[in-house]
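To keep things clear, I will list the structure first and then write my remarks on it.
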Amino acid sequence: MPWTSIIIPTHQRPILLKRAIVSVLRQDLSDWEIIVVSDGPCPDSQEVIAQFGDVRIRYRETSVLNNGNHSRNVGVQEARGEWVSFLDDDDEWLPHKLSTCRSHAKANNYRGILAHQVIRRSTRGEEVMPRREPDLGEAYPDYTFRRRSLVHGEGLLLTSSLSGPKDIWRKIPWGSRRVVLHDCDWLCRATVGMKTPWRVIMEPLSIWHFDDDRPRISNQKNSWKTYYLWARRQRHLFSPEAYAACLLTVVANEAARTHAYDALLYILREAIRNGRPGLRDLTVFTQIACLPESLRQQIRRAWLPH
């Protein structure tokens, strides 16, 4: 039985899939299996896997298009490993990713969720996320949404950094519906709703290839409503401070990004009515409402260390 089953959901992106698999083959730990789950049939992905000729790589596909979360759940059910690790097909791991995670898992026989820092790589350069370690006892939504800076968040955790005992994901599957912030959605349910322990390894172990031009739900008209409704559904898992921070930063940013400026007052009212906004949240909200995104990006780049 392998130590970890690596689950890679994919959909019609064989070139990116190949890069992701190569990053696993370069690991300095070989006690793994890969389960590639294609969202719908994809002969090109099958061909990529056949070219490797490695019996540790298995291929599964869904009969109809669903979403990445469904593919992840299929992979979890197929997994033979003691642990599972997730890798999106457009990301890649650094060579010591698995060995580092296993060392942390073996220490004190840790049985919770492990995440780690990632290198965010885009046309604008590189930066490491998350920027700070969680405080002892800090709830995940507070870590993610409550900023300590006026120019950027500090607590972003990504799917390709997540590992843990297989039983965690069998008890708490990925959301079946197509949700925004799917990694955040799952972590809120797992860590707050089910009280699952979580840790962040403050070392970059993967590369997040962020394509500024890739179509995203946040480019769609009224996308802010999707984020708003998600926050409303998950409000019972948030502290009042985290709920207000989510609305005034994440949701407000989506409204401004798509020029839905008339929604900002609506978002502010909800944050005040059902949350507990702090001065920093209100300041960030004011920046979002009053400054063009291009100017905010310039300020952010100037603020970050070079």
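The values are calculated or read from the model by the stated rules, or taken from the named source; none is laboratory data. Computed from a prediction, not measured in an experiment: that's the story for all the values here. Note that we place each Cβ from the backbone using ideal geometry, even for glycine, and neighbour counts take in every protein chain shown.
Cβ-Cβ contacts under 6 Å between residues 6 or more apart (or on different chains), taken from a first residue in region 121-143 that is closer than 28 Å to SER294 by Cα and without any contact (Cβ under 8 Å) to a residue 60 or more places away in the chain to a second residue that is surrounded by 13 or more Cβ atoms within 10 Å (Cβ to Cβ) and charged (D, E, K, R), are listed as ARG131/GLU154; ARG132/GLU154. Figure legend. Inter-residue proximity from region 36-47: first residues within 13 Å of THR62 (Cα to Cα) and outside the structural domain of ARG80 (by TED's automatic domain parsing), second residues among the polar types (S, T, N, Q) and in a helix (DSSP H, G or I), beta-carbon distance below 8 Å, spacing 6+ or different chains. No pairs are indicated.
A single member of ARG121, ARG146 is outside the structural domain of THR249 (by TED's automatic domain parsing) and either farther than 28 Å from LEU247 by Cβ or in contact with a His (Cβ under 8 Å, 6 or more places away or on another chain) (or both), and it is ARG121. Only one of the listed residues (ARG111, ARG148, ARG132, ARG120) is in contact with a strand residue (DSSP E or B) (Cβ under 9 Å, 6 or more places away or on another chain) and under 19 Å from THR249 (Cα atoms). That residue is ARG132. Considering region 57-72, the residues that are touching a residue at least 24 places away in the same chain (Cβ under 8 Å), not aliphatic (A, V, I, L, M) and not in a strand (DSSP E or B) include one that is farthest from ILE34 (Cα to Cα), namely ASN66. For region 1-56, filtering for residues that are assigned to a loop (DSSP other than H, G, I, E, B), charged (D, E, K, R) and in contact with a helix residue (DSSP H, G or I) (Cβ under 6 Å, 6 or more places away or on another chain) leaves 2.
Within region 140-194, the residues that satisfy the criterion of being polar (S, T, N, Q) and either under 25 Å from SER99 (Cα atoms) or in a helix (DSSP H, G or I) (or both) are THR144, THR159, SER160, SER161, SER163, THR191.
Looking across region 94-109, the residues that are of a type outside the set (Gly, Ala, Ser) and either surrounded by fewer than 23 Cβ atoms within 10 Å (Cβ to Cβ) or at pLDDT below 95 (or both) come down to LEU94, PRO95, HIS96, THR100, ARG102, HIS104, LYS106, ASN108, ASN109. In this structure, is GLY112 of a type outside the set (Phe, Trp, Tyr), buried (at least 19 other Cβ atoms within 10 Å of the Cβ) and touching a Lys or Arg at 6+ places or on another chain (Cβ under 7 Å)? Judged against the criteria, GLY112 is not a match. If I filter region 253-306 down to residues being part of a helix (DSSP H, G or I) and of a type in the set (Ser, Thr, Tyr), which single residue comes out as modelled with the lowest pLDDT? Only one residue fits best here, namely SER294.
Where residues in region 115-133 are touching a Lys or Arg at 6+ places or on another chain (Cβ under 8 Å) and not in a strand (DSSP E or B), which of them is farthest from ALA271 (Cα to Cα)? Here the answer is ARG124.
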